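Okay, structure first, notes after.
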Amino acid sequence: MSIRSVHPVSAEQIYAALVALGAEPVLDPDVWPEGPQAEDRLRLLGALLAKTELEITASTGVGRQPLEDVAEALLGWTEQAGPDSQVSSVVLANRLQLTAVQLTGPEEEGPPRRAASWAAVVAATDALSARLFFERGDIRATRRALDRTEASVIAILEGLHDLRVAIGDIED
């Protein structure tokens, strides 16, 4: 399975799935007089992703077997994404990028900040990207991704240091 072989789902189909899940976004009739349009696909997919992640979060760990619950959810994910490691890696890199963007919200003043968490996600994204570039034979892009990964690791360590100072484990 390749990402290109996935048949695009229309905005109407995504909206119908959200309606079936009771999670449809309110569409202003002045803005969307004819319902969801093709240019709304990514917004609607984001809503569907959020609904799915919220359902998984509410369903995992509730019982006595949280690891088994997560494994079951992962099994369903693998059945859809397929066993192809490159496709799965691209999907995971995309998910990490979404997470990094979500972590870039407004910073509170002073430590502890979310910078270390953001840097960890960025490091994971760039490390995964470096491997994908290497597999494609793009050494220049591999080097750039490795450089970004190393810079993120430094930011992680700085952020962890700030947190240690904030909780009184060490002096600045």
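The values are calculated or read from the model by the stated rules, or taken from the named source; none is laboratory data. Here the structure is a predicted model, which is why all the values come from computation and not from measurement. Don't worry about glycine lacking a Cβ; one is built from the backbone with ideal geometry, like all the others, and counts go over all protein chains shown. Ligands, DNA and RNA are excluded from the accessible area calculation, which covers all protein heavy atoms including side chains. Shrake-Rupley method; radii C 1.70, N 1.55, O 1.52, S 1.80 Å.
Listed values, structure above:
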quantity: Carbon/sulfur fraction of accessible area - the chain, other protein chains in place, 1.4 Å, %; calculated: 60 percent
quantity: Stretchable slack from residue 21 to residue 101, in nm (0.36 nm times residue separation minus alpha-carbon distance); calculated: 26.2 nm
quantity: P(r) of the chain over all Cα-Cα pairs, binned every 5 Å from zero, in whole percent; calculated: 1, 7, 10, 13, 15, 16, 15, 11, 7, 3, 1, 0, 0
quantity: Residue-span extension gain [residue 32 to residue 143] - 0.36 nm each, minus C-alpha spacing; calculated: 35.5 nm
quantity: GNM flexibility winner over the chain from 43, 114, 144 (Cα, springs under 10 Å); calculated: 43
quantity: GNM flexibility winner over the chain from 150, 79, 158 (Cα, springs under 10 Å); calculated: 79
quantity: Most to least packed among 24-35, 82-93 [average Cβ atoms within 10 Å]; calculated: 82-93, 24-35
